[in-house]
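The block underneath contains the structure these notes are about, expressed in structure tokens.
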Amino acid sequence: MANHRIAVIAGDGIGPEVIDQAIRVAEKAVRGQSSIDWNHLPWSSAYYKKHGQILPADGWDILAKHDAILFGAIGSPDVPDKVTVHELLLPMRRKFDEYVNLRPAYLFPGVNGPLRDKAAGSIDMLVYRENTEGEYAPIGGRLYEGTANEVAVQAATFTRGGCERIIRAAFEAARKRPRKKLTSITKSNALVYGMVLWDEAAKAVAKDFPDVNFSSLLVDACAMDFVRKPEAFDVVVASNLFGDILTDLSAAVTGSIGLASSANINPERKYPSMFEPVHGSAPDIAGKGIANPLAAILSAALMLDHLKEPKAADAIRNAVAAVLKEGKFMPPDLGGKAKTVELGDAVLAAIA
């Protein structure tokens, strides 16, 4: 029986509330198949305010000893993003080379999305977002701050290797899906250096996947088509910024960001991968017991996929689908009144 050691960073706001439910569900899903040791780490805005740093000096070494990381949410109105995001979340992705950011978008039965006449299951896409460079590379600076001559430079960094490896991961996923379709997102008509390199890398990798239907689409056209005809997409691959924005949109058209799961993966397994709901810490509803835990629960399913526990992962996804289809327990963001713990209980009950 396999044993998995998981670092848990519940974080801020609703993070601890939704992660508690994800852990309960994951525990039941693996029961009898494997075991999980959860190492709860208190790194959060509260930790920063007490210690003056978001994680201890040996924090990265501690995380590196785990098989995976389950992450809730980070961010507090009284702590700058440069601390919470830029000293924990983004560095984690780079330090552990989690260059694949996978964000599924699926229209579950029972969920009334904002688009008319979209049948359950008709929207079913995987978005592969480059996660370590691109527009979020921390390269740039500011001059003459606070003066009329202030200048800010933010450099987007694209490497051939960085582009090719995320695009290859997306092609490999598309090859395994029934439609075998991949759309690469670009803006090379305006960004004539980084995005042209992206396009060239996509065309080069496509030669190794002749069985995959490959096309390229400008990001503005893609945004329109995510709304007009999201069912046309299968696997999508995009740069760091484009992927980030488009996946918030794909979450919206499938009902709610409260259903949006994500995985930050190091495919070579040299470092631990990290799994988190796409939503933020939502301090306005923290502590009220009404946060939707399904994105965190579905993120735990992605974690179990990565840990080679496919039966447990499928059991979670099937249970979530059953709860949403029944409609008895629906969270406020989907028009219902179910509490966070009630949804967790319902998913637990639905796991075979």
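Evaluating 6.51 cos²θ - 1.76 cosθ + 1.60 at θ = phi - 60° for every residue in the range 264-276, the Karplus couplings come out as 10, 10, 9, x, 6, 6, 6, 10, x, 8, 10, 10, 8 Hz, glycine and proline recorded as x. Straight-line cross-link reach from residue 203 at under 20 Å between alpha-carbon atoms covers these lysines, not counting any fewer than eight positions away in the same chain: 176, 180, 181, 187. Under a 5 Å amide H cut-off, with hydrogens placed 1.01 Å from N, residue 329 pairs with nothing among residues at least 5 apart or on other chains. Distances between placed amide hydrogens fall under 5 Å for residue 281 paired with 74, all partners being 5 or more residues away or on another chain. Taking a straight line from the alpha carbon of residue 49, these lysines sit under 20 Å away, with near neighbours fewer than eight places off in the same chain left out: 82.
Within the chain, which is the longest segment containing none of the chymotrypsin sites (Phe, Trp or Tyr not before Pro) that sit in a DSSP loop and have at most 14 other Cβ atoms within 10 Å? Longest site-free region, per DSSP loop and neighbour criteria: 194-352.
The distance linking the range 199-215 with the range 144-196 is 16 Å (Cα centroid to Cα centroid, whole angstrom).
Once amide H atoms are built 1.01 Å from N in the peptide plane, which residues 5 or more positions from residue 262, or in another chain, come under 5 Å H to H? Excluding prolines and chain starts, which carry no amide H, the hits are 276, 278, 299. With the cut-off at under 11 Å, measuring from each backbone N in the range 76-110 to a point 7 Å along the Cα-to-Cβ line of residue 227 picks out no residue. Can you bin every Cα-Cα distance in the chain into 10 Å intervals starting at zero and give me the percent of pairs per bin, rounded to whole numbers? Result, from short to long distances: 5, 24, 33, 26, 9, 1, 0 percent.
Centre-to-centre, using Cα atoms only, the range 245-298 and the range 1-67 are separated by 15 Å. Put in line by how crowded their Cβ is, counting other Cβ atoms within 10 Å and starting with the fewest, 54, 257, 139 read 139, 257, 54. Using a Gaussian network for the chain with springs between C-alpha atoms less than 10 Å apart, which of these wobbles most: 285, 316, 19? Between 285, 316, 19, it is 285 that shows the largest mean-square fluctuation. Coupling constants for the range 177-186 follow from the phi torsions by the Karplus curve (6.51 cos²θ - 1.76 cosθ + 1.60, θ = phi - 60°), and in residue order they are 9, x, 7, 6, 10, 10, 10, 9, 9, 9 Hz; glycine and proline get x.
Evaluating 6.51 cos²θ - 1.76 cosθ + 1.60 at θ = phi - 60° for every residue in the range 11-18, the Karplus couplings come out as x, 10, x, 7, x, x, 5, 6 Hz, glycine and proline recorded as x. Residues considered: 53, 154, 21. Largest GNM mean-square fluctuation over the chain, using C-alpha springs under 10 Å, is found at 154.
Only DSSP H runs of four or more residues enter the estimate; each adds -39500 (n - 2.57), and after division by the residues of the chain the mean residue ellipticity at 222 nm equals -11500 deg cm²/dmol. Would you please give the FRET efficiency between residue 145 and residue 248, computed as 1/(1 + (r/R0)^6) with r the Cβ-Cβ distance and R0 = 35 Å, to the nearest 0.05? Efficiency computed from Cβ-Cβ geometry: 0.70.
A Förster radius of 35 Å combined with the Cβ-Cβ distance from residue 155 to residue 49 puts the calculated FRET efficiency at roughly 0.65.
Running Debye on the range 124-253 with equal point scatterers at the Cα sites and no solvent, what base-10 log of I(q)/I(0) appears at q = 0.13, 0.14, 0.15, 0.18 Å⁻¹? The computed values of log10 I(q)/I(0) come out as -0.54, -0.62, -0.69, -0.94.
Residues 130, 200, arranged from fewest to most other Cβ atoms within 10 angstrom of their Cβ, appear as 200, 130. Of the cross-linked pairs 229/325; 28/229; 118/337; 95/207, which ones have a Cα-Cα span greater than 29 Å in the structure shown? Check vs 29 Å cut-off fails for 28/229; 95/207.
Taken together, the values in this text are just the output of simple stated rules run on the coordinates, not laboratory data. None of the values given here were measured: they were computed from a predicted structure. Please note: Cβ atoms are built from the backbone with ideal geometry, for glycine as well, and neighbour counts cover all protein chains shown.
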